[in-house]
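Just below is one structure, and these are the notes that go with it.
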Amino acid sequence: MELQFDGQRITSDQDGVWLCLRVRDVTAARGFVMKAKGLYTAKLSKFRKKRSNDANAYFWELCGKLAAATRIPKEEIYRSLVKEIGGNCETFPIRNEAVDTFCKNWGDGKLGWVTDHLGPSKLPGYTNICAYYGSSTYDTAQMSRLIDLIVQECRQQDIETLTPLELARMKEEWGHAPAD
């Protein structure tokens with residue numbers, strides 16, 4: 001079950017400490033409380049508007065066209081663009097002997113989750129690794145930047161893309177994509 005909330009507080013009484021959430025869907029919350037028995041786990045995350053499937057489909061359509069024109073695999077094009085959008089990475093000092101394992105596990109089964117070796121850390125015996133998040137985690141602004149990059153690459157290869165007006169209209173729709 002997933003519930004959106006826009007307010008929270010913590011309180012306590014003789015039964016323990018409570019996390020209280022102001023939910024938007026009272027009926028769903030009430031239904032859960034009435035049926036809940038046993039132990040549960042809750043995962044809380046910041047709400048993000050989900051991008052439309054059109055954004056993803058358009059990106060991969062252009063990636064395929066660019067791959068055909070350049071003979072570079074579309075997956076390789078995607079991975080290189082992920083590194084260009086900004087705001088989608090973390091830098092970690094990793095023990096030298098653990099670098100290969102970390103990099104393999106970071107990207108395991110996730111196409112756009114790539115790493116770069118930045119060189120020795122200030123910490124002796126450590127290497128700085130930049131770990132990029134793939135587009136499955138992107139909000140509409142990040143996905144918009146990714147689309148802008150693929151469009152730019154395609155135009156350099158004389159590959160037809162949507163007009164700036166059509167792109168702006170599509171981006172506006174992405175920003176209003178309904179949350180699931």
Exercise for review: Roll a 1.4 Å probe over the protein heavy atoms and report the accessible area of residue 30 in Å², nearest 10.
Suggested key: 140
Exercise for review: Could you do me a favour and compute the accessible area per residue for the chain, 1.4 Å probe, result in Å²?
Suggested key: 70
Check your understanding: Any number yet on Rg/Rh for the chain, C-alpha, Kirkwood?
Key -> 1.09
Practice item. Using a 1.4 angstrom probe on heavy atoms only, work out the carbon and sulfur share of the accessible area of the range 1-141 in %. Key: 52
Revision key, fill the gap. Measure of exposure for residue 99: accessible area at 1.4 Å probe, Å² rounded to 10, is 10
Practice item. Pull up the cross-link candidates among the aspartates and glutamates for residue 37, meaning alpha carbon to alpha carbon under 19 Å and not fewer than 8 places away within one chain. Key: 2, 15
Practice item. Give me the distance between the Cα centres of the range 134-172 and the range 67-117, rounded to whole Å. Key: 20
Review point. Sorted by accessible area with a 1.4 angstrom probe, largest first, how do 89, 63 fall?
Key: 89, 63
Check your understanding: How much mean residue ellipticity at 222 nm does the chain get from its helices, if each DSSP H run of length 4 or more adds -39500 (n - 2.57) and you divide by all residues, to the nearest 500 deg cm²/dmol?
Key -> -13000 deg cm²/dmol
Review point. Roughly how much of residue 15 is accessible, in Å² to the nearest 10, using a 1.4 Å probe?
Key: 120
Practice item. From largest accessible area down, sort 45, 80, 135; use a 1.4 Å probe on the protein chains. Key: 45, 80, 135
Check your understanding: lysines within cross-link reach of residue 171: Cα-Cα under 26 Å, excluding same-chain residues under 8 positions apart?
Key -> 46, 49, 50, 65, 74, 83, 110
Study note, to complete from the structure: Taking 60, 18, 106 and ranking on accessible area (1.4 Å, protein atoms only), highest first, one gets 18, 60, 106
Exercise for review: Any chance you could run the full-extension gain for residue 9 through residue 126? It's 0.36 nm times the residue separation minus the Cα-Cα distance, nm to one decimal.
Suggested key: 38.1 nm
Study note, to complete from the structure: For the chain, longest principal axis from Cα atoms; helix 140-156 axis from its Cα atoms; angle between them, nearest 10 degrees, is 10
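The values are calculated or read from the model by the stated rules, or taken from the named source; none is laboratory data. Please read all numbers here as calculations on a predicted model, not as lab measurements. Accessible surface areas use protein heavy atoms only, side chains included; no ligands, DNA or RNA. Shrake-Rupley method; radii C 1.70, N 1.55, O 1.52, S 1.80 Å.
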